[in-house]
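Each remark here refers to the structure printed beneath this line.
The values are calculated or read from the model by the stated rules, or taken from the named source; none is laboratory data. Keep in mind that this is a model prediction, so the values were computed, not measured. When we count neighbours, we look across all protein chains shown, and the Cβ atoms used for this are built from the backbone with ideal geometry, even at glycine.
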């Protein structure tokens with residue numbers, strides 16, 4: 001398997017209606033790699049609006065993308081060992097929200113187990129992560145990081161982990177106010193009742209990016225086996 005970067009994400013199970021609907025919104029199924037027809041947006045180019053999240057696939061970030069310092073099989077083994085220690089839990093209903101100009105699915109009630117999961121993923125796979133290149137660090141810093149985010153970037157290779165992390169499933173690029181007013185009701189209607197249904201977080205997913213700029217794909221779903 002050719003690997004440029006790896007990541008640990010949460011993604012809806014294949015039988016969850018959110019998988020099909022969310023993948024169709026983005027225009028690609030991260031499980032199969034298949035391109036999907038997208039819904040129409042009057043006067044807006046949905047393919048352009050969703051280009052960035054389509055590259056990464058329908059997901060919520062747990063361990064951000066990293067260049068591996070170990071063989072992919074060793075990273076997968078570390079991820080599987082982590083999943084074996086973690087217990088499944090219930091995810092609150094989701095809803096489309098504005099997140100700093102992006103539209104994303106967010107949880108509608110507090111869920112401390114999400115933070116525990118994300119923190120564990122960041123820590124457990126850190127030994128598998130190669131240090132980011134200087135160009136990547138410079139790009140991250142262009143966003144204007146806070147001192148806390150700068151400290152996280154230096155230590156963990158990414159500024160939005162631990163206290164700076166928020167669960168979200170990105171659905172668009174950053175939108176203008178006018179675009180947001182049109183897209184928010186459209187994506188909410190497209191997802192329908194699928195977002196708000198109760199679901200179990202029962203697995204985490206190892207995603208791979210085979211080459212720079214290539215789409216991320218799910219290569220393994222790792223069941224959470226803790227507490228059994």
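Just to verify a result, which residue in the range 34-43, among those that are in contact (Cβ under 8 Å) with a residue 40 or more places away in the chain and closer than 19 Å to residue 169 by Cβ, is surrounded by the most Cβ atoms within 10 Å (Cβ to Cβ)? It comes out as 41.
Only one residue in 217, 225, 155 is under 19 Å from residue 66 (Cα atoms) and touching a residue at least 40 places away in the same chain (Cβ under 8 Å), so which one is that?
Going through 217, 225, 155 in turn, the sole match is 217.
Being in a helix (DSSP H, G or I) and within 13 Å of residue 8 (Cβ to Cβ): is that true of residue 47 here? Considered against the rule, which asks whether it is in a helix (DSSP H, G or I) and within 13 Å of residue 8 (Cβ to Cβ), residue 47 comes out as no.
If you go through the range 93-130 and keep only what is touching a helix residue (DSSP H, G or I) at 6+ places or on another chain (Cβ under 9 Å) and either at pLDDT below 95 or part of a loop (DSSP other than H, G, I, E, B) (or both), you end up with 101, 125.
Out of the range 116-126, which residues are surrounded by fewer than 18 Cβ atoms within 10 Å (Cβ to Cβ) and more than 14 Å from residue 65 (Cα to Cα)?
Here is the first cut: in the range 116-126, the residues surrounded by fewer than 18 Cβ atoms within 10 Å (Cβ to Cβ) are 116, 119, 123, 126.
If the condition is that a residue be surrounded by fewer than 18 Cβ atoms within 10 Å (Cβ to Cβ) and more than 14 Å from residue 65 (Cα to Cα), then 116, 119 are the ones that fit.
What number of residues within the range 5-28 satisfy the criterion of being assigned to a loop (DSSP other than H, G, I, E, B) and either within 13 Å of the chain's Cα centre (by Cα) or touching a residue at least 24 places away in the same chain (Cβ under 8 Å) (or both)?
Final tally of qualifying residues: 5.
Take the conditions (1) closer than 29 Å to residue 180 by Cα; (2) in contact (Cβ under 8 Å) with a residue 24 or more places away in the chain; (3) assigned to a helix (DSSP H, G or I); residue 83 misses just one of them, which is (1).
In summary, residue 46 fulfils each of the numbered conditions (1) under 23 Å from residue 211 (Cβ atoms); (2) free of Cβ contacts under 8 Å to residues at least 60 places away in the same chain; (3) surrounded by 17 or more Cβ atoms within 10 Å (Cβ to Cβ) with the single exception of condition (1).
Hey, can you tell me all the residues within the range 138-153 that are part of a helix (DSSP H, G or I) and exposed (fewer than 10 other Cβ atoms within 10 Å of the Cβ)? Across the range 138-153, the qualifying residue is only 147.
What residue, among those in the range 154-163 that are touching a strand residue (DSSP E or B) at 6+ places or on another chain (Cβ under 9 Å) and closer than 15 Å to residue 130 by Cα, is surrounded by the fewest Cβ atoms within 10 Å (Cβ to Cβ)?
Initially, the range 154-163 is screened for residues touching a strand residue (DSSP E or B) at 6+ places or on another chain (Cβ under 9 Å), giving 156-158, 160-161.
Going one step further and asking which of them are closer than 15 Å to residue 130 by Cα, we end up with 156-158.
On the way: 156: 19, 157: 21, 158: 22.
Among those that are touching a strand residue (DSSP E or B) at 6+ places or on another chain (Cβ under 9 Å) and closer than 15 Å to residue 130 by Cα, it is 156.
Per the conditions (1) within 17 Å of the chain's Cα centre (by Cα); (2) farther than 18 Å from residue 171 by Cβ; (3) surrounded by 16 or more Cβ atoms within 10 Å (Cβ to Cβ), the sole criterion not satisfied by residue 86 is (1). Of all residues in the range 13-33, which are surrounded by fewer than 15 Cβ atoms within 10 Å (Cβ to Cβ) and on the phi > 0 side of the Ramachandran plot? Across the range 13-33, the qualifying residue is only 33.
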